[in-house]
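The values are calculated or read from the model by the stated rules, or taken from the named source; none is laboratory data. It should be emphasised that the depicted structure is a prediction, and the values quoted were computed from it without experimental measurement. Cβ coordinates were reconstructed from backbone atoms using ideal geometry, including for glycine residues, and neighbour counts include every protein chain displayed. When the accessible area is computed, the model is the full protein with side chains, heavy atoms only, and any ligands, DNA or RNA have been set aside. Shrake-Rupley method; radii C 1.70, N 1.55, O 1.52, S 1.80 Å.
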Amino acid sequence: MTYDPPLSGVRILDLSSGPMTALGRLLADLGAQVTPVRLNGVTDDGASEATGDWSAPVGPQIDGVDVGIAINRRGMSTATVESVDDAEWAALLTDADILIENTRPGSDAETLLAVHEIRAAHPALVILSISDFGRDNRYRDWQATTPVLHALTSELSRSGIPGREPVVPPAQQLPYHAAAAQAAVMTVSVFLDRLRTGEGDLIDFSILDGAMQTLDPPYGTAGTGSAGVALSAQRRDWNAERLRYPIVACKDGYIRICLLAKRQWRGMFEWMGAPADFADPEFDNIRVRLGSPELLAALGRFCADQTRAELESQGQRHGVPTAAVLTLPEVLRTEQVEQRGFFREVSLGPGLHAPVPVGVTEIDGCRASSLNAPGPVPGRPDGAPILAGRPRSREGRPLEGIRVLDLGVIVVGSDTGRMFGDLGADVVKIENSAFPDGLRGNLAAMSQTYAAGHRNKRSIGIDLRSPEGRALAHRLVTGSDVVLTNFKPGVAAALGMDYAALRQVNPGIVVVDSSAFGPTGPWARRLGYGPLVRAAAGVTDLWVYPGEPDTFCDTVTVYPDHIAARIGALTALTLLLRRERTGTGGSVSVAQSEVMLSHLAAEIAAEVLRRRGHTDTGGPIHDAPWGLFPANGTDAWVAVTVRDDADWHALCRALDRPDLADDTELSTRTGRDRNRVRIDEAVRAWTSPRTPVEAMDLLQAAGVPAGAVFHAADLPDWDYYVERRAFRVEQHPYGTEPFVMENVQVHSERIADPPLRPAPLLGEQTRNVAAELLGLPDAEIDDLIARGVLEVPQHNSLTAT
């Protein structure tokens with residue numbers, strides 16, 4: 001099948017620089033014509049006050065080429081404009097659908113670009129204005145870096161061994177990749193709505209907001225690995241972390257095992273030969289297992305003389321999910337990566353050829369990438385003939401009028417549907433108590449994590465195993481736009497809910513499937529537990545303390561689930577846009593392992609080039625200090641980073657150390673790096689008596705990128721998140737206590753805050769949905785419920801609404 005890029009004809013002007021150029025790459029691979037613009041005074045090297053100049057490095061530099069920028073800008077033709085007053089700039093704006101910019105708030109570049117004037121002159125244009133901390137609050141002048149973003153999202157507080165400094169996760173630009181996925185969803189949602197209304201928008205996008213909501217959100221959906229403890233309440237617990245998904249040394253490396261469910265533990269118990277020390281039925285309780293260092297030691301003895309391949313094979317036979325902890329080079333040599341064709345050799349510069357990802361999704365069975373030559377490019381989209389006729393209340397919800405059937409489970413499933421619901425779509429979750437969503441737990445109650453992932457949805461209980469149940473689901477499909485699934489491989493097809501079956505029911509349907517490793521290849525049928533996917537994708541091996549290869553620190557982290565959900569939602573939205581042109585839907589496939597590998601693309605390409613004899617000419621421009629420093633308090637840390645001479649002199653002023661600023665040996669980056677220990681000692685002496693917030697505030701006021709390593713409980717009360725309306729407290733009807741929930745997903749002129757519909761109990765709206773969408777009379781609904789085809793909440797005192 002030929003790849004028909006869903007964003008074909010969409011024209012995007014991209015004035016961004018630095019790591020957020022990853023956003024342009026996402027949209028270009030989905031077919032948009034992305035034109036980087038070099039606008040004098042705004043993006044050129046002379047605009048020192050911009051967020052980052054045109055050449056700001058994103059990743060490793062090889063032979064003088066920034067590999068990250070080369071990957072993000074691959075295949076794009078740059079437009080150079082001398083002045084914002086030029087007719088050429090006006091013409092570019094007139095011909096554009098979307099404008100992306102990331103000038104620094106308060107800078108001359110921001111003033112010169114004048115996005116509000118552009119908005120007034122081009123009301124149909126969708127403008128995405130990116131900044132570190134947003135433009136509508138008193139933190140607008142603050143500056144972020146990778147460690148600062150990790151710290152302020154609270155994700156960093158869950159990474160590392162207790163008593164030691166937290167560990168910054170691998171992938172140099174990971175928070176920016178997370179933010180780019182969130183920004184892409186919001187931008188395409190607004191553009192899709194513009195096609196039916198004619199009205200553009202100005203989005204004030206904060207990288208910190210995007211990273212907090214998408215990387216490892218403390219008040220979002222948590223994985224099953226949390227063992228009933230809300231992610232917002234978790235602290236680093238080394239023994240419990242290692243026992244959630246034990247990583248055990250074996251004959252040729254390490255193996256990771258999943259022992260969360262009782263059946264998995266019983267399989268492990270039998271596999272180990274039923275040792276008497278663990279025969280007590282109390283070990284069926286996950287909390288007992290998590291509190292048993294003796295069990296971890298026994299697993300170590302059992303695995304010590306076996307290879308990773310042997311343990312993977314035996315684990316599968318015993319029903320125990322296992323995955324080898326692979327190094328990144330080992331991952332790239334696996335049959336799975338090779339057969340899936342995820343990487344392709346391309347030119348990144350004169351004489352530089354390296355492997356890069358061929359998109360991060362598959363559309364209609366084809367790699368969604370600009371490397372796959374499409375057919376003729378259609379004209380610029382100018383309307384939405386399908387969606388234009390849908391009822392819309394114009395309350396600031398861009399996806400109003402779109403219906404989504406959500407069969408998704410756990411984190412990826414819940415978040416993909418929530419993106420649609422928060423933006424106004426009618427999301428109907430189809431489920432059944434025989435196979436409940438693993439996040440539900442007690443079917444008659446509500447957990448914080450389920451409430452977070454399934455707000456703004458309705459629930460209908462349908463037994464898809466029965467022919468009548470499937471027929472009812474198919475009737476729902478006829479009136480829907482999107483179906484979301486992330487079952488175990490083969491389950492959707494067995495239930496008649498895969499794209500091959502559903503397109504016969506509704507040719508315009510868009511079906512999203514998310515899995516651990518994708519629908520093809522030797523690993524396609526592996527179970528998709530996030531930590532096992534991270535191990536198999538090379539991420540776990542990298543997530544360690546430097547020089548300590550067995551200090552794996554990624555357990556209390558839900559990654560890349562939330563990002564993969566955004567990638568799925570994004571691609572589905574682009575297929576809805578394509579449907580306006582073609583009248584037909586399509587299929588989306590997202591492999592979580594490939595989402596992770598795409599975040600390491602620059603590092604992978606650079607390592608290949610080094611092995612081929614090319615010269616490493618540096619990395620992102622930063623110098624000492626660049627890391628975490630102790631602060632006053634228990635497990636209290638602050639991230640302090642210096643990128644250039646301006647940051648260095650600002651730091652010296654904040655520390656009141658003119659001697660450091662005047663030291664000629666420290667006047668260059670090389671000199672500072674050579675004296676890292678000396679500089680770090682000076683910073684440590686300054687941060688230690690101060691609280692993390694006090695140190696952060698003083699440093700940011702001086703112009704130094706810095707961030708307190710927040711714990712999850714700190715976030716809702718921090719003034720920045722208060723000003724951005726990032727959280728809200730919700731008393732769920734079936735919750736035992738109020739829940740702290742995420743609130744605003746995007747700030748713009750036209751998008752409203754998310755609706756307040758609480759997450760439903762299983763089948764809570766069965767009667768309502770069956771009557772409204774299926775047209776069933778009450779007597780027939782009663783009969784279907786009595787026979788178990790439909791299902792309502794099991795708690796007799798509940799009234800379905």
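Which residues, taken from region 428-452, are among the basic types (Lys, Arg) and surrounded by fewer than 22 Cβ atoms within 10 Å (Cβ to Cβ)?
Across region 428-452, the qualifying residue is only Arg440.
With (1) open to solvent by less than 50 Å² (accessible area, probe 1.4 Å); (2) under 26 Å from the mean Cα position of the chain (by Cα); (3) within 30 Å of Val640 (Cβ to Cβ) as the list, and Glu723 as the residue in question, which single condition is left unmet?
Going through the list (1) open to solvent by less than 50 Å² (accessible area, probe 1.4 Å); (2) under 26 Å from the mean Cα position of the chain (by Cα); (3) within 30 Å of Val640 (Cβ to Cβ), Glu723 breaks only (1).
Before we move on, is Leu761 open to solvent by less than 60 Å² (accessible area, probe 1.4 Å) and out of contact with any helix residue (DSSP H, G or I) (no Cβ under 9 Å at 6 or more places or on another chain)?
Answer is yes for this residue.
Scan region 376-398 for residues that are touching a Ser or Thr at 6+ places or on another chain (Cβ under 6 Å) and either of a type in the set (Gly, Ala, Ser) or closer than 14 Å to Asp481 by Cβ (or both) and report the count.
Initial filter on region 376-398 (touching a Ser or Thr at 6+ places or on another chain (Cβ under 6 Å)): 377-378, 398.
Checking which are either of a type in the set (Gly, Ala, Ser) or closer than 14 Å to Asp481 by Cβ (or both) leaves us with 398.
Summing the residues that are touching a Ser or Thr at 6+ places or on another chain (Cβ under 6 Å) and either of a type in the set (Gly, Ala, Ser) or closer than 14 Å to Asp481 by Cβ (or both) in region 376-398 gives 1.
Check every one of the strands (runs of 3 or more DSSP E) wholly within region 453-527 and list those with 1 or more residues that are open to solvent by 40 Å² or more (accessible area, probe 1.4 Å) and closer than 24 Å to Leu597 by Cβ.
510-515
I'd like the residue in region 224-253 that is surrounded by fewer than 20 Cβ atoms within 10 Å (Cβ to Cβ) and at pLDDT 90 or above and, out of all such residues, is farthest from the chain's Cα centre (by Cα).
So the residue we want is Lys251.
Counting only residues that are in contact with a strand residue (DSSP E or B) (Cβ under 6 Å, 6 or more places away or on another chain), modelled with pLDDT under 95 and surrounded by 14 or more Cβ atoms within 10 Å (Cβ to Cβ), give me the strands (runs of 3 or more DSSP E) lying completely in region 611-690 with at least 3 of them.
Ranges flagged: 623-630.
Out of Ala120, Ala124, which single residue is without any contact (Cβ under 8 Å) to a residue 60 or more places away in the chain, within 21 Å of Leu13 (Cβ to Cβ) and among the small types (Gly, Ala, Ser)?
Ala120
Just name the residue that is nearest to Leu26 (Cα to Cα) out of those in region 184-209 that are small (Gly, Ala, Ser) and touching a Lys or Arg at 6+ places or on another chain (Cβ under 9 Å).
The extreme case among them is Ala184.
Taking region 153-211 on its own, how many of its residues are in a strand (DSSP E or B) and either closer than 24 Å to Val595 by Cα or not β-branched (Val, Ile, Thr) (or both)?
Summing the residues that are in a strand (DSSP E or B) and either closer than 24 Å to Val595 by Cα or not β-branched (Val, Ile, Thr) (or both) in region 153-211 gives 5.
Within region 734-753, is even one residue aromatic (Phe, Trp, Tyr), in contact (Cβ under 8 Å) with a residue 60 or more places away in the chain and surrounded by fewer than 21 Cβ atoms within 10 Å (Cβ to Cβ)? Break it down into steps so the answer makes sense when it comes.
Going residue by residue through region 734-753, those that are aromatic (Phe, Trp, Tyr) are 734, 739.
After this cut, where a residue has to be in contact (Cβ under 8 Å) with a residue 60 or more places away in the chain as well, the list is 734, 739.
Imposing the further condition that a residue be surrounded by fewer than 21 Cβ atoms within 10 Å (Cβ to Cβ) reduces the set to 734.
Scanning region 734-753 turns up at least one residue that is aromatic (Phe, Trp, Tyr), in contact (Cβ under 8 Å) with a residue 60 or more places away in the chain and surrounded by fewer than 21 Cβ atoms within 10 Å (Cβ to Cβ).
What strands (runs of 3 or more DSSP E) completely inside region 78-147 contain at least 3 residues that are open to solvent by less than 20 Å² (accessible area, probe 1.4 Å) and of a type in the set (Val, Ile, Thr)? Break it down into steps so the answer makes sense when it comes.
Details: elements: 79-81, 98-101, 126-131.
Hits in region 78-147: 126-131.
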